[in-house]
There are 2 protein chains.
Amino acid sequence: MNVNFTPGPSQLFYTVADHARVAFKENIPSISHRSKKFESIFQKATDGLKELLGVPNDYAIFFTSSATEIWEKSIQNLVENSSVHFVNGAFSNRYFEIATQLGKKALKIEAALGQDFSSIAIENYPTELIALTQNETSTGVSITNAFIQEIRTKNPEALIAVDAVSSLPYPAIDYEKVDTVFFSVQKGFGLPAGLGVWMVNPKCIAKAENLLCKGISIGSYHNIPTLLLNAKKNQTTETPNVLGIYLLSCVVEDFLRIGIKKIRQETDYKAAILYQALSTHALLKPFVTNPTAQSKTVIVADCGEHTARLSSFLAEHGLQAGDGYGALKKTQLRFANFPAHSKEQFELLVDLIGQFA
Amino acid sequence: MNVNFTPGPSQLFYTVADHARVAFKENIPSISHRSKKFESIFQKATDGLKELLGVPNDYAIFFTSSATEIWEKSIQNLVENSSVHFVNGAFSNRYFEIATQLGKKALKIEAALGQDFSSIAIENYPTELIALTQNETSTGVSITNAFIQEIRTKNPEALIAVDAVSSLPYPAIDYEKVDTVFFSVQKGFGLPAGLGVWMVNPKCIAKAENLLCKGISIGSYHNIPTLLLNAKKNQTTETPNVLGIYLLSCVVEDFLRIGIKKIRQETDYKAAILYQALSTHALLKPFVTNPTAQSKTVIVADCGEHTARLSSFLAEHGLQAGDGYGALKKTQLRFANFPAHSKEQFELLVDLIGQFA
């Protein structure tokens with residue numbers, strides 16, 4: 001067995017290599033992105049995503065090259081002056097930094113690493129966009145639907161952007177309460193990297209069009225009006241990662257066959273047994289202690305001085321743990337819990353952690 | 001036989017499906033983009049490209065998601081106020097349009113479709129960047145090194161950007177005379193789409209840093225200073241199209257084994273027999289009539305009322321011609337002449353054109 005538990009690029013979903021083989025056999029990487037064949041692949045991917053995730057029909061779905069690109073494009077297209085960022089780790093902080101780099105007045109609301117924002121009193125923020133990170137990949141902290149609901153209630157006007165990079169398809173996001181959600185395919189969808197998925201509602205489209213009318217630069221080929229114009233034809237502006245979109249369409253179909261309910265149940269089960277193993281271990285503990293903030297899809301273990309030894313021990317048994325992020329590299333390990341990681345693999349992981357002394 | 005002559009996405013180079021099979025076997029799509037393994041792939045690709053194309057050592061090579069992205073990023077990073085664009089078709093015009101969309105004062109110097117710029121007197125242009133399209137994919141017109149040399153002589157200060165999307169690796173560009181060159185991999189390199197290659201010299205780096213110092217927004221994760229910081233470590237800012245970069249590194253190695261001289265000779269041979277067949281045909285003719293302007297890598301046939309019939313005739317024999325571009329769709333066909341297209345395939349194409357009456 002050889003299992004990659006790093007939170008992205010992670011383990012490929014087990015069907016992907018076969019889908020890729022079929023793609024090359026059928027010359028998918030060679031088809032024109034203006035062909036009917038490509039349009040049908042685009043539509044299968046976007047219709048399938050809407051069905052799988054429960055995305056309302058009035059959302060548009062765009063393809064970019066990465067979620068990093070969506071950080072940039074969402075700020076350019078949705079913010080004239082100011083954005084507010086809930087930051088509790090490296091990735092939510094990068095979204096904030098990009099807003100600053102693009103010349104916006106970006107405000108940071110910070111929680112300590114490993115904490116959610118439950119100790120912070122939510123206000124009405126005088127801003128155009130509130131950026132939330134549904135799952136902070138660096139620390140394994142999730143926010144709840146109740147938290148998003150509270151932000152919405154206190155901020156009926158601002159756009160709410162949700163970075164769900166390392167959690168979808170798991171979380172049942174209430175898309176009616178937010179305005180844009182995005183992810184990248186090399187995490188929860190178990191696909192090769194090189195594709196970001198950007199979902200926007202009509203309020204986002206109107207905002208981008210409004211900025212454009214005001215003469216504000218919202219970028220060029222990947223601004224929302226241009227993305228939308230092409231997406232309506234099931235096309236892209238540029239020659240895209242056709243193979244990546246094809247593979248996504250196939251894996252979404254696989255996930256629909258399995259059913260989102262089963263995917264969520266299995267994710268819950270795998271998370272429960274790993275958190276249990278960490279909580280009851282003599283040498284290890286979960287980094288995130290508040291149960292409602294514990295991510296189900298990126299589980300971070302505080303391993304202290306035992307970090308390198310545990311990582312080696314797991315590697316001897318074919319299990320590759322993810323390093324802790326940044327400064328926490330020497331004292332933490334991260335475990336992705338994506339649909340690509342089977343129950344049996346998690347049971348083995350938990351067994352080995354139980355043996356580790 | 002089934003050969004795709006559309007100029008991109010085009011025929012895959014014959015080794016690509018095997019390289020992809022190896023990639024999945026070795027879990028390349030699952031490796032971390034911060035790993036030593038990824039760094040070695042990045043370096044193999046960039047070192048190999050420098051050797052293959054004769055790119056000076058002081059150039060930096062960056063990966064983007066498409067050449068379309070490079071149009072945007074090159075304007076953002078290299079132009080504060082104004083750029084000059086030599087336009088003779090749809091793609092050179094889109095580069096111009098992107099500069100306009102980004103709020104720059106962009107000047108267009110136009111030639112008619114199918115013409116190069118030999119009738120235009122080159123001047124010293126009061127601009128920061130001169131944008132040249134080495135090979136206009138929509139019409140099959142190339143510019144010569146002598147033309148580029150003349151622009152450089154009359155414009156010693158301005159940056160010169162060369163869009164070589166649908167010609168590299170064929171043209172022997174004099175990289176000392178220009179400042180930035182870019183292409184995308186789904187054309188001459190016969191690879192799946194989803195990767196752009198951007199080569200910049202130190203003058204470009206200095207210009208971007210200068211704009212940044214002046215407080216001008218040059219974008220975020222893919223601005224030149226950030227790209228450079230990561231490229232120096234053989235890394236990328238974001239999680240990139242790892243599989244695409246891996247496949248590029250493999251095909252560059254294949255091309256080095258074949259040798260650039262042989263690739264250029266075969267391209268010349270294939271172009272010569274196709275232009276000959278078109279020039280001597282009773283019903284067809286080359287769209288570009290000036291021999292020095294005739295592209296060797298995208299050959300456009302003026303087929304008039306016979307267009308649809310010729311396209312069907314070739315398709316019956318397994319050869320897929322590219323449609324004419326835009327308004328010329330009904331009266332032209334385009335034939336890509338890339339390393340993926342063999343001499344035997346071109347000989348068959350020419351035979352069939354000879355039989356077409």
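Taking the criterion of being under 19 Å from the mean Cα position of the chain (by Cα) and assigned to a loop (DSSP other than H, G, I, E, B), the residues of region B:322-334 that qualify are B:Gly324, B:Tyr325. If only residues of region B:82-120 that are within 14 Å of chain A (Cβ to nearest Cβ) and out of contact with any helix residue (DSSP H, G or I) (no Cβ under 8 Å at 6 or more places or on another chain) are counted, the one that is most open to solvent (accessible area, probe 1.4 Å) is B:Lys105.
Taken as a whole, region B:158-176 holds at least one residue that is among the polar types (S, T, N, Q), away from every other protein chain (no Cβ under 14 Å) and either closer than 22 Å to B:Ser118 by Cα or in a loop (DSSP other than H, G, I, E, B) (or both).
Restricting attention to region B:199-217, does a residue exist that is open to solvent by less than 10 Å² (accessible area, probe 1.4 Å), within 14 Å of chain A (Cβ to nearest Cβ) and not in a helix (DSSP H, G or I)? Reasoning before the result, please.
Step one: list which residues in region B:199-217 are open to solvent by less than 10 Å² (accessible area, probe 1.4 Å), which gives B:199-200, B:204, B:208, B:211.
Checking which are within 14 Å of chain A (Cβ to nearest Cβ) leaves us with B:208, B:211.
Filter once more, so that each one left must be not in a helix (DSSP H, G or I): none.
No, region B:199-217 contains no residue that is open to solvent by less than 10 Å² (accessible area, probe 1.4 Å), within 14 Å of chain A (Cβ to nearest Cβ) and not in a helix (DSSP H, G or I).
Scanning region A:28-69 for residues that are within 14 Å of chain B (Cβ to nearest Cβ), free of Cβ contacts under 8 Å to residues at least 12 places away in the same chain and among the basic types (Lys, Arg) turns up A:Lys36, A:Lys37.
Within region B:226-249, being more than 14 Å from chain A (Cβ to nearest Cβ) and either under 22 Å from the mean Cα position of the chain (by Cα) or on the phi > 0 side of the Ramachandran plot (or both) holds for B:Leu228, B:Ala231, B:Asn234, B:Ser249.
Between A:Arg152, A:Arg94, the distinction of being under 30 Å from B:Asn77 (Cβ atoms) and touching a residue at least 12 places away in the same chain (Cβ under 8 Å) belongs to A:Arg94 only. Could you please find all residues in region A:72-81 being in contact with a strand residue (DSSP E or B) (Cβ under 8 Å, 6 or more places away or on another chain) and open to solvent by less than 10 Å² (accessible area, probe 1.4 Å)? Correct list: A:Lys73, A:Ser74, A:Ile75, A:Leu78, A:Val79.
Only one of the numbered conditions (1) open to solvent by less than 10 Å² (accessible area, probe 1.4 Å); (2) out of contact with any Leu (no Cβ under 6 Å at 6 or more places or on another chain); (3) part of a helix (DSSP H, G or I); (4) not aromatic (Phe, Trp, Tyr) is violated by B:Leu52, and that is (2). Summed over region A:30-42, residues that are at pLDDT 95 or above and open to solvent by less than 20 Å² (accessible area, probe 1.4 Å) total 3. Here B:Val79 clears all of (1) within 23 Å of A:Arg21 (Cα to Cα); (2) hydrophobic (A, V, I, L, M, F, W, C); (3) in contact with a Lys or Arg (Cβ under 8 Å, 6 or more places away or on another chain) except the condition numbered (1).
In region A:218-232, of all residues being out of contact with any Asp or Glu (no Cβ under 6 Å at 6 or more places or on another chain) and outside any helix (DSSP H, G or I), the one that is surrounded by the fewest Cβ atoms within 10 Å (Cβ to Cβ) corresponds to A:Lys232.
Evaluated against (1) within 20 Å of B:Ile31 (Cα to Cα); (2) free of Cβ contacts under 8 Å to residues at least 40 places away in the same chain, A:Thr307 falls short on exactly one condition, (1). All told, B:Ser118 meets the bar of being modelled with pLDDT under 95 and either over 28 Å from B:Thr237 (Cα atoms) or part of a loop (DSSP other than H, G, I, E, B) (or both).
Tell me whether region B:87-100 contains one or more residues that are farther than 27 Å from A:Pro240 by Cβ, of a type in the set (Phe, Trp, Tyr) and touching a strand residue (DSSP E or B) at 6+ places or on another chain (Cβ under 9 Å). No - not one qualifying residue is present in region B:87-100.
The set of residues in region A:236-259 being surrounded by fewer than 16 Cβ atoms within 10 Å (Cβ to Cβ) and either assigned to a loop (DSSP other than H, G, I, E, B) or polar (S, T, N, Q) (or both) consists of A:Gly259 alone. Inside region A:1-27, residues that are within 18 Å of A:Val242 (Cβ to Cβ), within 20 Å of the chain's Cα centre (by Cα) and facing another protein chain (nearest Cβ under 7 Å) make up a count of 0.
The values are calculated or read from the model by the stated rules, or taken from the named source; none is laboratory data. Small disclaimer: the values here were computed from a predicted structure and weren't measured. Neighbour counts are summed over all protein chains in view; Cβ atoms, including those assigned to glycine, are modelled from backbone coordinates with ideal geometry. Accessible surface areas use protein heavy atoms only, side chains included; no ligands, DNA or RNA. Shrake-Rupley method; radii C 1.70, N 1.55, O 1.52, S 1.80 Å.
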